[in-house]
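The structure under discussion appears below in the form of structure tokens.
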Amino acid sequence: MGILIDDVVIIRQSEREGEPSVITVNCPDKTGLGCDLCRLILFFGLSIARVDVSTDGKWCYIVFWVVGKPSTRWGLLKKRLLGVCPSCSSASGISFYRSELQPPKPPDVFLLKLCCHDRRGLLHDVTEVLYELELTIKRVKVSTTPDGKVIDLFFITDTRELLHTRKRQEDTYDHLKSVMGDAMISCDIEMVGPEITACSQGLSFLPPAITEDKFNLEMLDERQSERLTFNSVSITMDNSLSPAHTLVQIVCQDHKGLLYDIMRTLKDYNIQISYGRFTSKERGNCEVDLFIMQADGRKIVDSSKQAALRSRLQMELIRPLRVALESRGPDIELLVANPVELSGKGRPLVFYDITLALKILNTSIFSAEIGRHMIGDREWEVYRVLLDEGDGLSMPRNMIAEAVWKMLMGWE
């Protein structure tokens, strides 16, 4: 027996502007399901106002209250949410959900080569088109020639898995042409092999601003108290309220992707949420209550494990990304490091937010590069953007870094 596929994800759009829409997910449970759902909601640009989670380890019921935009593609969101739930099969014309038998095949990677005349905001406009077409940027290499032309190399994957077709490629070209206009000189799309798309290869050198010790996720001393408060982040762990679960209570300032940051941390630690509630409060604060247990079905009683989890959650909430502005000879380089899940996925739309912030600041980009790099014991997606100062930056350096940080955190 199972549940009809139409009932797995139900979206009830708000009838009044400003009121939250409700997304209900009712399906078999799997490790990291909450993380995958939150990542998709973040990808579609929705803000989560409230969440209720309930699961017995086999079946889960999750309700999201989200605030969207007039341009939100609700039908497509439902399709993508269904895609991360356990797969379905057909029986007598009725679709039911079943457990996944094997991991999905890695998506094909394509190289999008663009040559165009440069202008301010061009890179963000291209990035926005790729986002709207559901083309995910895996790596990018952007450079400007002395004669004012830009050569963009985007390594992308297609969520729709159609980029190998002529129609999908022509559609991509038409969308890019409509935005770039006469600035476009040429556009080519081709599938590339794994020897070219080795995204896990790290960058040759990273400056101390990204790798220095103050950013390392050091574990807390076991002698520290059960309650930790730092920079408006309060984390409490309690084993006395449930015979089978550890209660984690978090009070902190809200930011874009906050629930995703919590969920991906628990997913990497292979921790299951049995019951949970997230509520966004006034003045940008939020409260999270989670009843969790380990993969073996037991609560977390070991003090060192509690300290490790509490420390990691604290750091992920205080600084989910790293942002720095460094001098690179006579030039200025913006660096942003985005943590990668153990599954290989990183926070979505980081490059989109970076280029949007720089476009708003009217700051030109001379070159850009994305690559994977090991920092400490974790893999990070590192974005390096060399700024074109021209006649000089329009604002102080620290204000540029702050503007990019606020955009990434949703505080713009």
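The values are calculated or read from the model by the stated rules, or taken from the named source; none is laboratory data. On a predicted model such as this, the values are computed, not experimentally measured, just so you know. Backbone-built Cβ (ideal geometry, glycine too); neighbour counts: all protein chains shown.
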Original post:
What do you reckon, is Ile354 buried (at least 20 other Cβ atoms within 10 Å of the Cβ), in contact with a Phe, Trp or Tyr (Cβ under 8 Å, 6 or more places away or on another chain), modelled with pLDDT of 95 or more and not in a loop (DSSP other than H, G, I, E, B)?
Top reply: yes
**OP:** Quick one: in the stretch 245-257, of everything that is more than 21 Å from Ala308 (Cβ to Cβ) and part of a loop (DSSP other than H, G, I, E, B), which residue is farthest from the chain's Cα centre (by Cα)?
**Re:** Asp254
**OP:** Out of the residues in the stretch 317-350 that are free of Cβ contacts under 8 Å to residues at least 40 places away in the same chain and at positive phi, state the one that is surrounded by the fewest Cβ atoms within 10 Å (Cβ to Cβ).
**Re:** Gly329
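I'm checking my understanding of the structure. Among residues of the stretch 282-303 that are acidic (Asp, Glu) and either over 25 Å from the mean Cα position of the chain (by Cα) or surrounded by 12 or more Cβ atoms within 10 Å (Cβ to Cβ) (or both), which one is nearest to Val233 (Cα to Cα)? I'd like the intermediate steps shown before the answer.
Going through the stretch 282-303, the residues acidic (Asp, Glu) turn out to be 282, 287, 289, 296, 302.
This time we only want the ones that are either over 25 Å from the mean Cα position of the chain (by Cα) or surrounded by 12 or more Cβ atoms within 10 Å (Cβ to Cβ) (or both), so: 287, 289, 296, 302.
On the way: Glu287: 10, Asp289: 14, Asp296: 29, Asp302: 22 Å.
Within the stretch 282-303, the match that is nearest to Val233 (Cα to Cα) is Glu287.
Here is a list: Ala337, Ala295, Ala368, Ala401. Which entry is among the small types (Gly, Ala, Ser), part of a helix (DSSP H, G or I) and in contact with a strand residue (DSSP E or B) (Cβ under 8 Å, 6 or more places away or on another chain)?
Values: Ala337 fails: part of a helix (DSSP H, G or I); Ala295 fails: part of a helix (DSSP H, G or I); Ala368 fails: part of a helix (DSSP H, G or I).
Going through Ala337, Ala295, Ala368, Ala401 in turn, the sole match is Ala401.
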Subject >> Breaking point among (1) modelled with pLDDT of 95 or more; (2) exposed (fewer than 12 other Cβ atoms within 10 Å of the Cβ); (3) within 21 Å of Lys359 (Cβ to Cβ), for Val129 >> reply: (2)
**OP:** Take Ile3 and decide whether it is modelled with pLDDT of 90 or more and of a type outside the set (S, T, N, Q).
**Re:** no
**OP:** Consider Asp353 carefully, then state whether it is outside the structural domain of Cys38 (by TED's automatic domain parsing), in contact (Cβ under 8 Å) with a residue 12 or more places away in the chain, closer than 19 Å to Leu258 by Cβ and among the acidic types (Asp, Glu).
**Re:** yes
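Yes or no, residue by residue, for (1) on the phi > 0 side of the Ramachandran plot; (2) surrounded by fewer than 17 Cβ atoms within 10 Å (Cβ to Cβ); (3) among the β-branched types (Val, Ile, Thr); (4) over 19 Å from the mean Cα position of the chain (by Cα):
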residue	(1), (2), (3), (4)
Thr31	no, yes, yes, no
Leu37	no, no, no, no
Phe43	no, no, no, no
Ile48	no, no, yes, no
Asp52	no, yes, no, yes
Gly57	yes, yes, no, yes
Val63	no, yes, yes, yes
Val66	no, no, yes, no
Lys69	no, yes, no, no
Original post:
Of the residues in the stretch 154-191, how many are out of contact with any helix residue (DSSP H, G or I) (no Cβ under 8 Å at 6 or more places or on another chain) and over 27 Å from Arg80 (Cβ atoms)?
Top reply: 5
